[in-house]
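The values are calculated or read from the model by the stated rules, or taken from the named source; none is laboratory data. Just so you know, these numbers come straight off a predicted model, no measurement behind them. For neighbour counting, all protein chains shown are included, and Cβ atoms are generated from backbone atoms with ideal geometry for every residue, glycine included.
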Amino acid sequence: GERAAAENLRARIAAELDTGRARSVGLTLEALDETELVAQHSPLMSPLVWDLAHVGNYEEQWLLRTAAGGEALRPDIDVLYDAFENPRAERVGLPLLSPREAEDYNARVRDRVLDSLDRAAFDAGTPLLDGGFVYHMVIQHEHQHDETMLATHQLRRGDPVLADPPAPPPGAFAGPDEVLVEAGPFTMGTTADPWAYDNERPAHTVEVPAFWIDTRAVTNARYLEFVADGGYDDPRWWSPRGWDWRTASGKRGPAFWTDDGAGGVLRRRLGRVEPLPMDEPVQHVSFHEAEAYARWAGKRLPTEAEWEKAARYDPATGQSLRFPWGSAEPGEAHANLGQRLLRPAAAGTYPAGAAPSGALQMLGDVWEWTSSDFHGYPGFAAFPYREYSEVFFGGDYKVLRGGSWATHSTAVRATFRNWDHPIRRQIFSGFRCARDAEGAGGAGGRR
Ligand code: AVJ
Ligand code: FE
């Protein structure tokens, strides 16, 4: 009955909170010494110790004070861990909690939250609590910062500190390079999903003209062809803004690539320098680079609606799925998520995770740039706070979809939306291409 359902939800929430915290600790206190935890590894990133106490402070504000109505523990530090008050590059100069103080603070918040969870109701009349929404929000928030911490690990110089997991499963895809998604309406976004952020809501019908989409993300091998073909020297492939970025930045390839001195390419991954794995999706490319590659290839990036339709629309039923493969929780056979492999798997892996369209790996491996700007859906309402999504609408952001190898399964689904500036590439970003069904979408490409 209802009591048993609430009991199950409490148990799941407690377990998910614990999983997220173990992950955060593994990326901070267990991985690096105090000097490295308080250091600024890149002007793009916070010191890791900031992320650590920020997730605790967010939990204090949303679960302890708001959901449980409990007494504030450290209201004095709210201002330090407010992302809008303090740009990332300046956080290193704040009087932050030390790593040990952050660990202690987070544990004290967590103890009180777990106490209050026994009395929590998941009241359908209270949107914040309905279906456990605010708990899910805090769980996802911690995992999102864990992914951000992995980006900091990637930017950090020095010997590897994260144990290297086993090699990814072999990719052995023998299907087509592209699939056709027929013209017609589909349901984009979601209203009922208790985990969905405000920017995924509400469900609405979108009419999408027919298009072709790649079954797999663009690989390092393919991207290298673009580089070798002089793609970085040819303004034909770049938008005016993209070319300005290309020339001003001096970039000649994805971040973390280096020459091996003998005509080959190496990539640095979490402190390890390895030969570039040719069958992996390219990662650490900006939107501008993705767009230029697509034009060179005679294609274009998918719009956000095209990406979502290819990821979740089932023409057999007319329904939109929660995950490309259906409603089953993501498992190891579906997708490469949750930093299990610490790298993307080969493009053409995970046939069990294929979408009805035939597109593979729509979730996991690399975030995929789309051509769309970040806006609210029709009927959008900020919930529960404007600073999660709404303040970014209409800014200089492109939407990315699908999550990466570093994204936890609780923080991704086929409706999930991420966004970043078009020049950013410290995130685990790649892309796949699309084209119009009538003629070539990015006509005039090299091939
Ligand atoms: C959705 C990844 C753009 O990191 O800025 C974390 C997630 N929001 N804390 C970000 C987020 C508040 C957000 N992104
Ligand atoms: Fe945050």
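Criterion first (in a loop (DSSP other than H, G, I, E, B) and in contact with a strand residue (DSSP E or B) (Cβ under 6 Å, 6 or more places away or on another chain)) does residue 432 satisfy it? Against the criterion (in a loop (DSSP other than H, G, I, E, B) and in contact with a strand residue (DSSP E or B) (Cβ under 6 Å, 6 or more places away or on another chain)), residue 432 qualifies. Please verify whether segment 221-229 includes one or more residues that are without any contact (Cβ under 8 Å) to a residue 24 or more places away in the chain, surrounded by fewer than 14 Cβ atoms within 10 Å (Cβ to Cβ) and among the acidic types (Asp, Glu). No, segment 221-229 has no match at all. Looking at segment 65-97, which of its residues are within 16 Å of ligand 1 (Cβ to nearest atom), closer than 28 Å to residue 121 by Cα and part of a loop (DSSP other than H, G, I, E, B)? Answer for segment 65-97, where residues must be within 16 Å of ligand 1 (Cβ to nearest atom), closer than 28 Å to residue 121 by Cα and part of a loop (DSSP other than H, G, I, E, B): just 78. Please work out if residue 202 is of a type outside the set (Asp, Glu), assigned to a loop (DSSP other than H, G, I, E, B), farther than 30 Å from residue 21 by Cα and out of contact with any Lys or Arg (no Cβ under 9 Å at 6 or more places or on another chain). Yes; evaluated as a whole, the condition is true for this residue.
To keep it simple, each residue is scored yes or no on (1) more than 9 Å from the chain's Cα centre (by Cα); (2) touching a residue at least 24 places away in the same chain (Cβ under 8 Å); (3) surrounded by 17 or more Cβ atoms within 10 Å (Cβ to Cβ); (4) within 16 Å of ligand 2 (Cβ to nearest atom).
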position	(1), (2), (3), (4)
364	no, yes, yes, no
369	yes, yes, yes, no
384	yes, yes, no, yes
395	yes, no, no, no
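Considered as a group, the residues in segment 420-447 that are modelled with pLDDT of 95 or more, surrounded by fewer than 22 Cβ atoms within 10 Å (Cβ to Cβ) and more than 22 Å from residue 340 (Cα to Cα) include one that is nearest to the chain's Cα centre (by Cα), and that residue is 420. Restricting attention to segment 185-201, the residues being in contact with a strand residue (DSSP E or B) (Cβ under 7 Å, 6 or more places away or on another chain) and either among the basic types (Lys, Arg) or in contact (Cβ under 8 Å) with a residue 24 or more places away in the chain (or both) number 6. Note on segment 110-143: residues that are out of contact with any Ser or Thr (no Cβ under 8 Å at 6 or more places or on another chain), closer than 20 Å to residue 382 by Cα and part of a helix (DSSP H, G or I) amount to 8. Residue 153 meets all of the listed conditions (1) at pLDDT 95 or above; (2) more than 16 Å from ligand 1 (Cβ to nearest atom); (3) under 24 Å from the mean Cα position of the chain (by Cα) but one, namely (2).
If you go through segment 27-78 and keep only what is within 14 Å of ligand 2 (Cβ to nearest atom) and among the charged types (D, E, K, R), you end up with 51, 59, 60, 78. Taken over segment 382-427, residues that are within 12 Å of ligand 1 (Cβ to nearest atom), of a type in the set (A, V, I, L, M, F, W, C) and assigned to a loop (DSSP other than H, G, I, E, B) amount to 4. Being without any contact (Cβ under 8 Å) to a residue 12 or more places away in the chain and part of a loop (DSSP other than H, G, I, E, B) is the filter here, so list the residues in segment 238-281 that pass it. Residues satisfying the conditions are 250, 261, 262, 263.
Cβ separations smaller than 7 Å between residues 6+ apart or across chains give the following pairs from segment 81-105 residues that are within 20 Å of residue 35 (Cα to Cα) and of a type in the set (Ser, Thr, Tyr) to residues that are in a loop (DSSP other than H, G, I, E, B) and at pLDDT 95 or above: 105/74; 105/97. Evaluate segment 169-178: report whether one residue or more is in a strand (DSSP E or B), more than 16 Å from ligand 2 (Cβ to nearest atom) and within 28 Å of residue 417 (Cβ to Cβ). Within segment 169-178, one or more residues are in a strand (DSSP E or B), more than 16 Å from ligand 2 (Cβ to nearest atom) and within 28 Å of residue 417 (Cβ to Cβ).
Consider segment 29-60 and keep the residues that are within 16 Å of ligand 1 (Cβ to nearest atom) and polar (S, T, N, Q). The one that is farthest from residue 164 (Cα to Cα) is 57. From 288, 284, which residue is in a loop (DSSP other than H, G, I, E, B), within 21 Å of the chain's Cα centre (by Cα), in contact (Cβ under 8 Å) with a residue 12 or more places away in the chain and more than 21 Å from residue 196 (Cβ to Cβ)? One residue alone meets the criteria, 284. The residue that is surrounded by the most Cβ atoms within 10 Å (Cβ to Cβ), among those in segment 29-64 that are in contact with a Ser or Thr (Cβ under 6 Å, 6 or more places away or on another chain) and assigned to a loop (DSSP other than H, G, I, E, B), is 45.
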